[in-house]
Amino acid sequence: MTVGNSNGMQVSIFLADFANADPSGKVNAIGAGWQVVAMTETGATSPHALVVLISADPVVGEVEFQTNITLRDASGAVVQIPGAVGESHDIQARQKVRLNRPILRQFPQQDRLRSHGKIIVNMPTGLPLKAGQEYEWMFEIEGVSEARWRAPFFVVSPSQMPKPGQATEPAGGEAATSLTPEI
């Protein structure tokens with residue numbers, strides 16, 4: 001399988017406070033789209049999740065491939081955490097992902113549906129990272145990665161986070177938009 005723009009592979013990667021997939025396969029993400037996480041008194045970051053959504057052009061059909069997600073520091077080195085008996089382990093997740101095309105009965109455009117897959121990694125106890133540092137999750141398919149298949153974030157001390165009710169965006173920042181159809 002060729003990975004990249006040549007076969008219409010699309011990858012979205014983002015951070016959330018929590019994520020899961022419902023029985024129909026849809027991803028539910030709470031607190032999605034942030035780039036700053038605080039340390040807690042446990043010495044780890046706040047709990048969070050990493051979500052990777054993958055889709056491919058209809059011509060790709062159903063396919064399975066090896067993926068790898070690694071956490072890297074600002075220098076590009078893979079982040080390591082101490083193990084139970086003193087050894088260090090890379091922070092990474094390797095797994096096979098299968099892209100599946102939805103099957104709909106009597107749907108004339110069945111051959112035009114994109115194949116989809118997802119990876120959700122919840123970190124309910126956070127990660128033992130360092131405050132004041134920048135990190136980046138990097139996603140690969142069969143050893144290939146693209147610059148946009150990354151989720152950078154910063155780790156800060158709790159005192160640097162906004163207090164409840166305090167604005168998190170400067171005045172004139174992005175606004176949420178709601179579209180209401182005219183009837």
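The values are calculated or read from the model by the stated rules, or taken from the named source; none is laboratory data. Just so we're clear, the structure is a prediction, and the values are computed from it rather than from any experiment. Every residue, glycine among them, receives a Cβ derived from its backbone with ideal geometry; neighbour counts consider all protein chains shown. Note: areas computed on protein heavy atoms with side chains; ligands, DNA, RNA excluded. Shrake-Rupley method; radii C 1.70, N 1.55, O 1.52, S 1.80 Å.
For the condition in contact (Cβ under 8 Å) with a residue 12 or more places away in the chain and open to solvent by 40 Å² or more (accessible area, probe 1.4 Å), what is the one hit in Ala77, Ala84, Ala131?
Working: Ala77 fails: in contact (Cβ under 8 Å) with a residue 12 or more places away in the chain; Ala84 fails: in contact (Cβ under 8 Å) with a residue 12 or more places away in the chain.
Exactly one residue qualifies, and that residue is Ala131.
For the stretch 134-156, the set of residues classified as without any contact (Cβ under 8 Å) to a residue 60 or more places away in the chain and either within 14 Å of Ala16 (Cα to Cα) or open to solvent by 50 Å² or more (accessible area, probe 1.4 Å) (or both) consists of Ala147 only. From the residues in the stretch 87-99 that are over 16 Å from Val155 (Cβ atoms) and surrounded by 15 or more Cβ atoms within 10 Å (Cβ to Cβ), which one is farthest from the chain's Cα centre (by Cα)? Checked the stretch 87-99; the qualifying residue farthest from the chain's Cα centre (by Cα) is Leu99. With respect to Ser178, determine if the residue is touching a Gly at 6+ places or on another chain (Cβ under 8 Å) and at pLDDT below 90. Judged against the criteria, Ser178 is not a match. Quickly run through the stretch 101-127 and pick out the residues that are open to solvent by less than 70 Å² (accessible area, probe 1.4 Å) and touching a strand residue (DSSP E or B) at 6+ places or on another chain (Cβ under 9 Å). Correct list: Arg101, Pro102, Arg114, Ser115, Gly117, Ile119, Ile120, Val121, Asn122, Met123, Gly126, Leu127. Candidates Ala29, Ala49: the one that is under 21 Å from Arg114 (Cβ atoms) and open to solvent by less than 60 Å² (accessible area, probe 1.4 Å) is Ala29.
Looking at Ser24, is it more than 20 Å from Phe154 (Cβ to Cβ), modelled with pLDDT under 95, open to solvent by 70 Å² or more (accessible area, probe 1.4 Å) and not in a loop (DSSP other than H, G, I, E, B)? Working first, answer last.
Numbers: more than 20 Å from Phe154 (Cβ to Cβ): yes; modelled with pLDDT under 95: yes; open to solvent by 70 Å² or more (accessible area, probe 1.4 Å): yes; not in a loop (DSSP other than H, G, I, E, B): no.
In short, no.
For beta carbons closer than 9 Å, sequence separation of 6+ or different chains, a first residue in the stretch 88-110 that is closer than 21 Å to Ala77 by Cα and free of Cβ contacts under 8 Å to residues at least 24 places away in the same chain and a second that is surrounded by 13 or more Cβ atoms within 10 Å (Cβ to Cβ) and hydroxyl-bearing (Ser, Thr, Tyr), the qualifying pairs are Asp90/Thr70.
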